[in-house]
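> The following block contains the structure, expressed as structure tokens.
Read the figures in this text as sums done on the coordinates, not as results from a lab. Predicted, not measured: the structure shown is a model, and the values here were computed from it. Quick reminder, even Gly has a Cβ in these numbers, built from the backbone with ideal geometry, and neighbours come from all protein chains shown.
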Amino acid sequence: MLEIIRFAVVALLLLAAVILESFSVFGVNRFRFSLNRLHAAAIGDTLSISCVILAAIVYTGLEVLSLKYFLIVSLMWMTSPVSGHLISLLVYKTDDDIEKEAKEWKN
């Protein structure tokens, strides 16, 4: 019975990862403004990979390998928002038409 519950949780986490990544791909293809595309990609990347690694943690159970997976997730949760922020600052400071793109996006 415990194996069925574990399988169901792993399957739901993997399904959630596929759905989140699909939304991310849809957002990257739909948005025209570069910072919106960056946001959609960063959120989808962080959440979907986290769901996949959490599914691996549930699948393996409480072992040393699960601790390694958890360290990967925590490192990713710390570095992904920082890198997304730095890339958005780079776009903001180097794009000459950023004000025009932002006004077009608002309308």
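> Ranked highest first by the average count of other Cβ atoms within 10 Å around their residues, in what order do 72-79, 51-58 fall? Walk me through the intermediate numbers first.
On the way: 72-79: 12.6, 51-58: 19.5.
Most protected by this proxy first, the peptides run 51-58, 72-79.
> Semi-axes, largest first, in whole Å: what does sqrt of 5 times each Cα gyration tensor eigenvalue give for the chain? All intermediate terms of the calculation are to be shown ahead of the outcome.
Details: eigenvalues 255, 55, 7 Å².
The answer is 36, 17, 6 Å, longest axis first.
> Can you compute the modelled spin-label distance between Ser83 and Glu3, with each label point 7 Å from Cα toward Cβ, in nm?
The answer from the label model is 3.8 nm.
> Trypsin sites (Lys or Arg not before Pro), restricted to region 1-91: which are DSSP loop and have at most 13 other Cβ atoms within 10 Å? The partial results should precede the final answer.
Values: sites: Arg6, Arg30, Arg32, Arg37, Lys68; in loops: Arg32.
Taking region 1-91 and a limit of 13 other Cβ atoms within 10 Å, the loop trypsin sites (Lys or Arg not before Pro) found are Arg32.
> When only Cα pairs under 8 Å and 6 or more residues apart are kept, what is the percent relative contact order across region 1-95? Spell out each step's value before the answer.
Working: 74 pairs, mean separation 28.3, N = 95.
Worked out over region 1-95, it gives 30 percent.
> Under a Cβ-only charge scheme (Lys and Arg +1, Asp and Glu -1), can you give me the dipole magnitude of region 14-107 about the Cα centre, in debye to the nearest 20?
Details: 8 positive and 9 negative charges, 24 e Å.
Charge dipole of region 14-107: 120 debye, to the nearest 20.
> Taking each full run of DSSP H in the chain as one helix, which ones are at least 27 Å long along their axis (Cα atoms) and have mean Kyte-Doolittle hydropathy of at least 1.0?
Numbers: long enough: 2-30 (42 Å, 1.77); 34-60 (39 Å, 1.22); 64-94 (45 Å, 1.20).
What comes out of the filter, once short or polar helices are dropped, is 2-30, 34-60, 64-94.
> Could you state, as a whole-number percent, how many of the C-alpha pairs of region 26-78 are farther apart than 14 Å?
Details: 798 of 1378 pairs.
More than 14 Å apart: 58 percent of the Cα pairs in region 26-78.
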